[in-house]
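Trainee: Please read through the structure below; I'll follow up with questions.
The values are calculated or read from the model by the stated rules, or taken from the named source; none is laboratory data. Predicted, not measured: the structure shown is a model, and the values here were computed from it. So basically every Cβ, Gly included, is an ideal-geometry build from the backbone, and we count neighbours across all protein chains shown. Heavy atoms of the whole protein, side chains included, go into the accessibility calculation; ligands, DNA and RNA do not. Shrake-Rupley method; radii C 1.70, N 1.55, O 1.52, S 1.80 Å.
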Amino acid sequence: MSANITPIEQIEDDLSFFDDWEDRYRYLIDLGKALPPMPETDKTDANIVHGCTSQVWLTVRSNPGQNTVDLLMDSDALIVRGLLALVLAAYANRSPVDIVEFDINALFERLDLLSHLSMTRGNGLRAMVQRVQILASEFTPH
Amino acid sequence: MDALTDIADESSVAALSKIRADFPLIAGNEQVYLDNAATTQKPQAVIDALSNYYARDNANVHRAAHKLAGRATESYENSRESLRRFINAESREQIIFTAGTTESINLVAQSWGQTNLQSGDEIIITLLEHHSNIVPWQLLAQRTGATLLACNVTPEGEIDLADYHAKLSTRTKLVSVGHVSNALGTINPVAEMISAAHDKGAVVLVDGAQSVGHMAVDVQALDADFYAFSGHKMFGPTGIGVLYGKLELLNAMPPWQGGGEMIETVTIEHTTFNSLPYKFEAGTPNIADAIGLGAAVQYIESIDRSMVQQYEDNLLRLATSAIAQLPGVRVIGTSAHKSGVLSFVVDGAHPGDIGTLLDQQDVAVRVGHHCAMPLMQHLELPGTVRASFSLYNNTDDLDRFVAALTKALSFL
């Protein structure tokens, strides 16, 4: 996990400070612009989550010797990239067990962004979160 | 509403304002609804027909020996007659109620296709088609060994007719083509294509999902062999649609689903089938929505269609020239013959981002591949933003759409 990632508490604070949609979405777009792009070699068919409107790529790798996983995410749409930056911040430095148990719906609901997560096929975000949880669960002790 | 007079004459303005008031979701909503190619809103007359049916006339049709069933049957069959009139079919037996365009196409693929196609035969579609007019034929080709060919599309988004004529041959058994493209709005020259196909002895199905809500359709004038459409894109309920077919074709086709309603006599060993249209309507039909669709037909018949079509054309032209002036905007589908749909991309901006930013401003559009992935692959686009118009949209909607798009572009 990248060390220079904005902490999720900071993002929550920032988002709660804005009182109109324009500032919130400019902020999300800035988060999206700041998200380091995934290496093209990782953008394989196996790592893609298809949506109707945008695509999401995801890799989950175990971190040998540490109880964390390395997550990389990318999308062709900027706002989705911003939402991915948010998901990455939420999962940062968590163990696979914590990731599986983390209530991402509650986070998105608090941030008033639940509609982005609920779009069943729209932007690929929901399917991406489900895939993170499945892959993370493979790294949890049985 | 002053701006309306720019695109509609004085006498039409009052009629158009009244139309807007007929649609509760439009009249009572701040949202600008420009996703009409996905589904249209419903006039009060359709909502009332559904509600009245369940409140007063609900019974199963055709069989029972009581007055209520008589009323339900009469309403259901009256609706079939309205639909016959709507597309100018010769007889009501040719109006088969289905769940919608997709089911209508699948019915033909299963019943007619399975009986009439074999290895070596060819099915022609085009790159403009909706997945509903691709996948059933792909499955049919796999089952029968027939070959599926797709006609090319020009950079303007029109069917490449030279390619169509080159692909047509005596091997062609079926041509299936959309009347209006759902992704680009192109009105295809279906009458010409049908005539050319008939010269080769091929049968033609027209996917009318995007045409019936915008223009008068005459299946006899087109000489279409099959015509498929959905109720919900022409102000009717979801889950109901129509398959029209020529009588000799429908009579020769085997049933595709078995059950009640579609039988004449049944023994354990053998069944004889009911006549048209019931042969293709197995089980209790979607009575309420068929009646609702009949009400939608009556609503459409109550308005001046040529005036509305002219108005919609003006709205589309105005919208096209307004967004073409915005930096980086490229209209996709520039045919001179278009209906209802304005598809576009913005250089350097993903359609999904534009859709999200428009939604934040209460402007509803569709973004993505519009269930036409082969077309998007051909155009080398990840998708487009699609604003689609209907008769209740007005110039205020247009102004808000253009303002919202301008603001969205400032974000990206």
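Trainee: Counting DSSP beta bridges with both partners in region B:72-210, what percentage is antiparallel, nearest 5?
Mentor: Details: 2 of 15 bridges.
Given both bridge residues lie in region B:72-210, the antiparallel proportion sits at roughly 15 percent.
Trainee: Taking the alpha-carbon distance from A:Lys33 and a cut-off under 14 Å, which aspartates and glutamates remain once sequence neighbours fewer than 8 residues away in the same chain are dropped?
Mentor: A:Asp74, A:Asp76, B:Asp353
Trainee: Please work out the Cα center distance from region B:143-181 to region A:41-70, rounded to the nearest Å.
Mentor: With region B:143-181 and region A:41-70 each reduced to a Cα centre, they are spaced 39 Å.
Trainee: Explain nothing, just the number: relative contact order of region B:1-160, from Cα pairs under 8 Å at least 6 residues apart, as a whole percent.
Mentor: Values: 129 pairs, mean separation 18.4, N = 160.
Once normalised by length, the contact order is 12 percent.
Trainee: If you count, for every residue in A:73-85, the Cβ atoms of partner chains within 10 Å of its Cβ, what is the mean?
Mentor: That works out to 4 on average.
Trainee: Now for a separate question. Could you tell me how far the Cα centroid of region B:1-76 sits from the Cα centroid of region B:351-373, in Å?
Mentor: Distance between centres, Cα-based: 26 Å.
Trainee: What net charge is computed for the residues neighbouring B:Leu140, neighbours being all others with C-beta under 11 Å from the C-beta of B:Leu140, Lys and Arg scored +1, Asp and Glu -1? Could you put the intermediate results ahead of the total?
Mentor: Numbers: positive: B:Arg143, B:Lys173; negative: B:Asp121.
It works out to a net charge of +1.
Trainee: OK, next. How high is the relative contact order of region B:48-301, in percent, with contacts defined as C-alpha pairs under 8 Å that are six or more residues apart?
Mentor: Details: 496 pairs, mean separation 61.4, N = 254.
24 percent.
Trainee: Ok, one more. Please name which of B:Ala191, B:Pro43, B:Gly120 has its Cα lying farthest along the dipole of the protein assembly as shown towards the positive end, using unit charges on Cβ (Lys, Arg +1; Asp, Glu -1) and the Cα centre as origin.
Mentor: Highest projection toward the positive end goes to B:Gly120.
Trainee: Please determine, in degrees from 0 to 90 and to the nearest 10, the orientation of helix B:135-144 with respect to the longest principal axis defined by the Cα atoms of chain B, where the helix direction is its Cα long axis.
Mentor: Roughly 40 degrees, rounded to the nearest 10.
Trainee: Now a separate question. Assuming 0.36 nm per residue, please report the length gained on full extension of the stretch B:Leu247 to B:Gln142 beyond their Cα-Cα distance. Walk me through the numbers on the way to the answer.
Mentor: Details: separation 105, 0.36 × 105 = 37.80 nm, distance 2.77 nm.
Net length gain for the segment: 35.0 nm.
Trainee: Something else about it: Order of A:100-110, B:266-276, B:288-298, B:359-369 by packing, highest average Cβ count within 10 Å first?
Mentor: Details: A:100-110: 14.7, B:266-276: 11.3, B:288-298: 25.6, B:359-369: 20.4.
Averaged packing, sorted descending, gives the order B:288-298, B:359-369, A:100-110, B:266-276.
Trainee: With a/c under 1.5 counting as rounded, go ahead and sort the protein assembly as shown into rounded, prolate or oblate using the C-alpha gyration tensor (a ≥ b ≥ c being the square roots of the eigenvalues; past the cut-off, prolate if a/b is larger than b/c, else oblate).
Mentor: Verdict is prolate for the protein assembly as shown.
Trainee: How big is the antiparallel share of DSSP beta bridges in the protein assembly as shown, given as a percent to the nearest 5?
Mentor: Working: 37 of 56 bridges.
Around 65 percent of the beta bridges assigned by DSSP in the protein assembly as shown are antiparallel ones.
Trainee: Moving on to the next point. Which of the DSSP-defined H helices in chain A satisfy a minimum axial length of 15 Å, computed from C-alpha atoms, and a minimum mean Kyte-Doolittle hydropathy of -0.5?
Mentor: Details: long enough: A:21-34 (20 Å, -0.96); A:78-91 (20 Å, 2.22); A:125-138 (20 Å, 0.41).
Counting only whole DSSP H runs, the qualifying helices are A:78-91, A:125-138.
Trainee: Order these peptides, A:5-13, B:80-88, by their mean beta-carbon neighbour count within 10 angstrom, highest first. Let's see the in-between values first.
Mentor: Details: A:5-13: 14.3, B:80-88: 20.0.
Packing order, densest peptide first, comes out as B:80-88, A:5-13.
Trainee: Select from B:Ala324, B:Ala228, B:Ala109 the residue whose mean-square fluctuation is largest in a Gaussian network model of chain B (Cα-Cα springs shorter than 10 Å).
Mentor: So, out of B:Ala324, B:Ala228, B:Ala109, the one fluctuating most is B:Ala324.
Trainee: Give me Rg/Rg_expected for region B:204-268, where Rg uses Cα atoms only and Rg_expected = 2.2 N^0.38 Å with N residues. If you can, show how the numbers build up before the last one.
Mentor: Values: Rg = 14.8 Å, N = 65, 2.2 N^0.38 = 10.7 Å.
Against the compact-globule rule of thumb, the ratio is 1.37.
Trainee: May I ask for the angle, rounded to the nearest 10°, between helix B:305-324 and the longest principal axis of chain B, with both axes built from Cα atoms and the value confined to 0 to 90°?
Mentor: The answer is roughly 40 degrees.
Trainee: Round to a whole angstrom and tell me the spacing of the C-alpha centers of region B:384-412 and region B:237-310.
Mentor: Cα centroid to Cα centroid, the span is 37 Å.
Trainee: What fraction of the DSSP beta bridges in region B:48-301 is antiparallel, stated in percent and rounded to the nearest 5? Don't skip to the answer; put the middle values down first.
Mentor: On the way: 14 of 30 bridges.
Around 45 percent antiparallel, to the nearest 5.
Trainee: When a/c is below 1.5 the answer is rounded, else prolate if a/b is larger than b/c, else oblate, so apply that to region B:161-270 with a ≥ b ≥ c taken from the square roots of the Cα gyration tensor eigenvalues. Present the calculation step by step, with values, prior to reporting the outcome.
Mentor: Working: a/c = 2.64, a/b = 1.34, b/c = 1.97.
Verdict is oblate for region B:161-270.
Trainee: FRET efficiency for B:Ala14 and B:Glu77, Cβ-Cβ distance as r, R0 = 41 Å, nearest 0.05?
Mentor: Details: r = 36 Å, r/R0 = 0.87.
Using R0 = 41 Å, I get an efficiency of 0.70.
Trainee: With the cut-off at 26 Å, tell me which of the pairs B:Lys233/B:Lys407; B:Lys233/B:Lys338; B:Lys67/B:Lys246; B:Lys42/B:Lys338 have Cα atoms farther apart than that. Can you show the working numbers first?
Mentor: Details: B:Lys233/B:Lys407 30 Å; B:Lys233/B:Lys338 17 Å; B:Lys67/B:Lys246 34 Å; B:Lys42/B:Lys338 23 Å.
Listed pairs above 26 Å: B:Lys233/B:Lys407; B:Lys67/B:Lys246.
Trainee: May I pose another question? Just grab the label-to-label distance for B:Ser195 and B:Asn58, each label 7 Å out from Cα along the Cβ direction, in nm (one decimal).
Mentor: Here the answer is 5.1 nm between the modelled labels.
Trainee: Of the peptides B:125-135, B:40-50, how do they stack up when ordered by the mean number of other Cβ atoms within 10 Å, highest first?
Mentor: Per-residue mean Cβ counts within 10 Å order the peptides as B:125-135, B:40-50.
Trainee: Right, another one. What's the Cα-based Rg to Rh of region B:241-281, Rh via Kirkwood?
Mentor: Working: Rg = 10.7 Å, Rh = 10.9 Å.
In region B:241-281, Rg relative to Rh is 0.99.
Trainee: Projected area of chain A, taken from the Cα convex hull and averaged over every viewing direction, in nm²?
Mentor: Working: hull surface 33.4 nm².
Directional mean of the projected Cα hull area for chain A stands at 8.4 nm².
Trainee: Still on this model: May I ask which residue of B:Ala109, B:Gly260, B:Val217 lies farthest towards the positive end of the charge dipole of region B:48-301, with charges of +1 (Lys, Arg) and -1 (Asp, Glu) on Cβ and the Cα centre as origin?
Mentor: Comparing the listed Cα positions along the dipole, B:Gly260 ranks first.
Trainee: In percent, how large is the relative contact order of chain A, given Cα pairs closer than 8 Å and 6 or more residues apart? If you can, show how the numbers build up before the last one.
Mentor: On the way: 181 pairs, mean separation 38.5, N = 142.
Computed over chain A, the figure is 27 percent.
Trainee: Ranked by accessible surface with a 1.4 Å probe, highest first, in what order do B:Thr186, B:Thr147 come?
Mentor: On the way: B:Thr186 0, B:Thr147 60 Å².
Listed by decreasing accessible area, they come as B:Thr147, B:Thr186.
Trainee: How many nm is it between the label spots at B:Asn29 and A:Lys43, if each spot is 7 Å from the Cα in line with the beta carbon?
Mentor: 3.6 nm
Trainee: Additional query: Where the convex hull is taken over the Cα atoms of chain B, what is its projected area averaged over directions, in nm²? All intermediate terms of the calculation are to be shown ahead of the outcome.
Mentor: Values: hull surface 84.4 nm².
Answer in nm², one decimal: 21.1.
Trainee: Given the options B:His66, B:Ala8, B:Gln31, identify the residue whose Cα lies farthest towards the positive end of the charge dipole of region B:1-72 (+1 on Cβ of Lys, Arg; -1 on Cβ of Asp, Glu).
Mentor: The one lying farthest along the dipole's positive direction is B:His66.
Trainee: Given a 1.4 angstrom probe, I'd like the percentage of the accessible area of the protein assembly as shown that is carbon and sulfur, rounded to a whole number. Walk me through the numbers on the way to the answer.
Mentor: Numbers: 11650 of 23110 Å².
On the protein assembly as shown, the fraction of accessible area on carbon and sulfur atoms equals 50 percent.
Trainee: Cα atoms only: what Rg and Dmax, in Å, come out for region B:1-118?
Mentor: 19.9, 60
Trainee: In addition: What is the angle, in °, between the Cα long axis of helix B:190-199 and the longest principal axis of the Cα atoms in chain B? Nearest 10 is fine, range 0 to 90.
Mentor: That works out to roughly 40 degrees.
Trainee: Sequence neighbours fewer than 8 away in the same chain don't count; with that in mind, list the lysines whose C-alpha is under 24 Å from B:Lys167.
Mentor: B:Lys200
Trainee: What 222 nm value per residue comes from the helices of the protein assembly as shown, counting each DSSP H run with n ≥ 4 as -39,500 (n - 2.57) and dividing by all residues, nearest 500 deg cm²/dmol?
Mentor: Working: 23 runs with 235 residues, N = 554.
After summing the helix terms and dividing by residue count, I get -12500 deg cm²/dmol.
Trainee: Add +1 for every Lys or Arg and -1 for every Asp or Glu among the other residues with Cβ under 13 Å from the Cβ of B:Val385, and state the total. Numbers along the way, then the final one.
Mentor: Working: positive: B:Arg330, B:Arg366, B:Arg386; negative: B:Asp35, B:Asp347, B:Asp353, B:Asp359.
After counting each charged neighbour, the total is -1.
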